[in-house]
Amino acid sequence: QNAVEMARSQQSIQNLHFLFHDLSPAMQVLYHLPVGGYLHYLLWQFGAAEVALRAHSSQHFDLVQHITLANFRFPTFMWKLGVPLIFGPVGGGEDTPKKLRRGLGLRGRVWDLPRRLSNFLLAASPLMKATYTHSTQIVVTTSETLREIPLPYRSKGRIQQTIGIGPEDSPPPVDHTLTIPAVASSTKLNLLFAGRLKPW
């Protein structure tokens, strides 16, 4: 909230309004427990929908879009507003290739198995069913995630990157005739990875 308000004071952006919401200090303790972050997130989503519902009574929103956490396993309650709902972009439907699971190590397997099971089980949860049922559109980041959306709702889906760029923002076409310089066999391989280093 402080960062947003500071940015707004430095530049004028018309017709943009922020509503801030958080759980009580006592409930925020959940966030620091081993799997409490997920419960914290679920409760936050429920409370955020209540805040939005109160604002909707005076502001009369035309559309609501769920973009938080970008994960198809977690529901939104914004459908309570009764206006068209865009769920996403969400991802997380990708699976660990079977041949690579041996390389995860014990700790990696302990975390990977529940993740894979949750992809299977959570799709049938009543909260996710309500989210999918009330969504006007379900935006997913990959074709793998689209396949995880239950069949009755899959027709609402479309694939789009998580970051909001359009064709007009795309870089110029790459000249594929360029050759990659030869690398000596003794050279160490250096990779740049942007994201969390999870075993899977």
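The values are calculated or read from the model by the stated rules, or taken from the named source; none is laboratory data. The model shown is predicted, which means the values in this text are computed figures rather than measured ones. So basically every Cβ, Gly included, is an ideal-geometry build from the backbone, and we count neighbours across all protein chains shown. All accessible areas refer to the heavy atoms of the entire protein, side chains included, with ligands and DNA or RNA removed. Shrake-Rupley method; radii C 1.70, N 1.55, O 1.52, S 1.80 Å.
When region 23-47 is examined, which residues are found to be in contact (Cβ under 8 Å) with a residue 24 or more places away in the chain, open to solvent by 70 Å² or more (accessible area, probe 1.4 Å) and of a type outside the set (A, V, I, L, M, F, W, C)? Matches in region 23-47: Tyr38 only.
State whether the residues of region 57-64 include one that is modelled with pLDDT under 90, open to solvent by 70 Å² or more (accessible area, probe 1.4 Å), out of contact with any Leu (no Cβ under 9 Å at 6 or more places or on another chain) and not aromatic (Phe, Trp, Tyr). Explain how you work it out, then say what you get.
In the first step, residues of region 57-64 are kept if they are modelled with pLDDT under 90; the result is none.
Within region 57-64, not a single residue is modelled with pLDDT under 90, open to solvent by 70 Å² or more (accessible area, probe 1.4 Å), out of contact with any Leu (no Cβ under 9 Å at 6 or more places or on another chain) and not aromatic (Phe, Trp, Tyr).
Residue count for region 4-22 under the criterion of being β-branched (Val, Ile, Thr) and either within 17 Å of Thr68 (Cβ to Cβ) or in contact (Cβ under 8 Å) with a residue 40 or more places away in the chain (or both): the result is 1.
Apart from one condition, Arg115 fits all of (1) closer than 18 Å to Tyr38 by Cα; (2) open to solvent by 40 Å² or more (accessible area, probe 1.4 Å); (3) of a type in the set (D, E, K, R); the exception is (2).
Residue count for region 78-106 under the criterion of being modelled with pLDDT of 95 or more, open to solvent by less than 20 Å² (accessible area, probe 1.4 Å) and outside any helix (DSSP H, G or I): the result is 2.
Answer with yes or no whether Arg73 is in a helix (DSSP H, G or I) and basic (Lys, Arg). Walk me through it before giving the result.
Values: in a helix (DSSP H, G or I): no; basic (Lys, Arg): yes.
In short, no.
Restricting to region 118-139, what's the tally of residues that are under 11 Å from Arg73 (Cβ atoms) and surrounded by fewer than 13 Cβ atoms within 10 Å (Cβ to Cβ)?
Going residue by residue through region 118-139, those that are under 11 Å from Arg73 (Cβ atoms) are 118-123, 125, 127-128, 131.
Filter once more, so that each one left must be surrounded by fewer than 13 Cβ atoms within 10 Å (Cβ to Cβ): 120-121.
So the answer is 2.
Only one entry in Ser125, Ser135 is within 18 Å of Ile149 (Cα to Cα) and in contact with a Lys or Arg (Cβ under 7 Å, 6 or more places away or on another chain), namely Ser135. For region 68-77, a tally of residues being open to solvent by 30 Å² or more (accessible area, probe 1.4 Å) and among the polar types (S, T, N, Q) returns 1.
Scanning region 67-102 for residues that are in contact (Cβ under 8 Å) with a residue 40 or more places away in the chain and within 12 Å of Val140 (Cα to Cα) returns Ala70, Phe72, Arg73, Ile86, Phe87, Gly88, Pro89, Val90, Gly91, Gly92, Gly93, Glu94.
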